[in-house]
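The structure appears below as structure tokens.
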Amino acid sequence: MSTPADFDADQPAIVVENLQRSFGSLKAVDGVSFTINHGSVVGFVGANGAGKTTTMRIMATLDQPTAGSVKVGGHNVVHYPEKVRRLLGWMPDSFGTYDHMTVLEYLDFYARALGYQGAERVQRIEEVMNFTDLTPLADRLSNKMSKGQTQRLCLGRALLHDPKILILDEPAAGLDPKARVELKQLIRILAEEGKTILISSHILSELGEMCDSLLFIDKGRIVHHGDADSMTRGSLASAETLLNVQVIGPPAKLIEWALTAPLMEVVEETKRGAKLRLKSVDEAVIAGALKRMIADGLLVTDFHREERRLEDAFIDLLGQIDKGTFKSEATANESLSANSTPPPLP
């Protein structure tokens with residue numbers, strides 16, 4: 001399918017401004033604002049109930065905001081839902097299938113609903129099935145597949161009309177390691193094709209690998225955005241460095257040295273050395289610690305900084321918020337570069 005006439009490459013892929021959604025007294029989304037530009041992949045991160053799915057459903061024209069606005073490809077999702085649906089591919093965290101309908105019949109049903117006819121419909125279904133590796137499952141009943149196969153079918157449905165923007169809600173949830181790798185490969189290919197992708201997931205390490213930017217939401221509010229390094233090494237990260245050091249000889253000598261070294265603490269002894277905590281992230285201070293070790297006669301065979309896990313950084317961030325010690329960054333609601341493809345809605 002060619003690029004929709006309603007697609008405007010000069011407009012950001014998604015613009016969210018002061019978005020609010022309440023359910024009675026509950027504010028599920030509370031003043032969310034961000035911009036996603038074309039061609040990027042953005043990870044949407046938050047605990048259960050933080051507001052991710054509600055925000056994504058509003059983007060996909062499946063719910064309406066209480067206040068604020070969302071534009072997809074320059075079109076307001078409330079005023080021009082049909083135009084948005086032509087641009088958007090939506091993959092929910094769970095979706096229904098039909099009894100006695102095969103994979104091929106399922107995709108054919110949705111292709112017809114999207115307006116494909118004749119040879120063009122057959123060709124588009126074949127392209128999607130080949131891309132998602134569903135061709136060998138063409139005759140499999142759609143409600144008799146594994147979780148990974150079902151997720152590929154859901155992605156295939158979202159891709160039928162070749163959307164420019166994709167919104168994927170927890171696509172890796174419940175997948176085994178092999179299925180997660182396969183899904184990640186598909187997302188990388190879509191990103192290389194220039195699609196804009198907004199993807200939510202609880203598997204933060206994989207988001208860090210796949211995404212250009214990460215968007216964090218807590219209790220309905222955006223609390224941080226940036227790349228993975230900005231979480232693990234930036235202003236939200238601890239002002240400490242965890243060092244893994246190995247030496248020739250007994251680890252006790254290294255530990256004895258660390259107990260008297262400035263800014264240094266012993267975390268634990270290891271088989272060939274120790275994990276040490278240096279109360280600084282300054283590169284010069286880290287280099288100076290290694291220099292002093294060698295000057296004091298330690299035979300260092302390995303000295304490296306352990307990267308802080310994204311999961312740990314996220315948990316620390318939530319802890320700061322709960323304690324009231326966290327202040328949202330000034331850039332939290334600034335433009336967020338990202339790519340996503342609009343979900344196909346029947």
Against the conditions (1) outside any loop (DSSP other than H, G, I, E, B); (2) free of Cβ contacts under 8 Å to residues at least 12 places away in the same chain, where does Val70 fall short? Just the number, please. (2)
Identify, please: which residue in region 160-189 is out of contact with any Leu (no Cβ under 8 Å at 6 or more places or on another chain) and among the aliphatic types (A, V, I, L, M) and is, among those, nearest to Phe95 (Cα to Cα)? Ala173
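Listed here are the residues, each with its yes/no results for (1) in contact (Cβ under 8 Å) with a residue 12 or more places away in the chain; (2) of a type in the set (Val, Ile, Thr).
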residue: Ile36; (1), (2): yes, yes
residue: Ser40; (1), (2): yes, no
residue: Ile58; (1), (2): yes, yes
residue: Thr61; (1), (2): yes, yes
residue: Glu82; (1), (2): no, no
residue: Tyr106; (1), (2): yes, no
residue: Arg112; (1), (2): no, no
When the residues of region 257-296 are narrowed to those that are more than 14 Å from Gln246 (Cα to Cα) and among the polar types (S, T, N, Q), which ends up most open to solvent (accessible area, probe 1.4 Å)? Thr260
Would region 170-192 turn up any residue that is assigned to a helix (DSSP H, G or I), out of contact with any helix residue (DSSP H, G or I) (no Cβ under 6 Å at 6 or more places or on another chain) and at pLDDT 95 or above? no
Please indicate, with yes or no, whether at least one residue in region 193-205 is open to solvent by less than 30 Å² (accessible area, probe 1.4 Å) and at pLDDT below 85. yes
Unmet requirement for Gly96, which otherwise passes all of (1) surrounded by fewer than 19 Cβ atoms within 10 Å (Cβ to Cβ); (2) among the small types (Gly, Ala, Ser); (3) more than 26 Å from Ile203 (Cβ to Cβ): (3)
Within region 162-179, considering residues that are open to solvent by less than 60 Å² (accessible area, probe 1.4 Å) and touching a Gly at 6+ places or on another chain (Cβ under 8 Å), the one nearest to Thr132 (Cα to Cα): Ala179
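The values are calculated or read from the model by the stated rules, or taken from the named source; none is laboratory data. Predicted model only: the values in this text are computed from it and were never measured. Heads up, the Cβs are rebuilt from the backbone with ideal geometry, glycines too, and the neighbour counts pull from every protein chain shown. Only protein heavy atoms, including side chains, enter the accessible area calculation; ligands, DNA and RNA are left aside. Shrake-Rupley method; radii C 1.70, N 1.55, O 1.52, S 1.80 Å.
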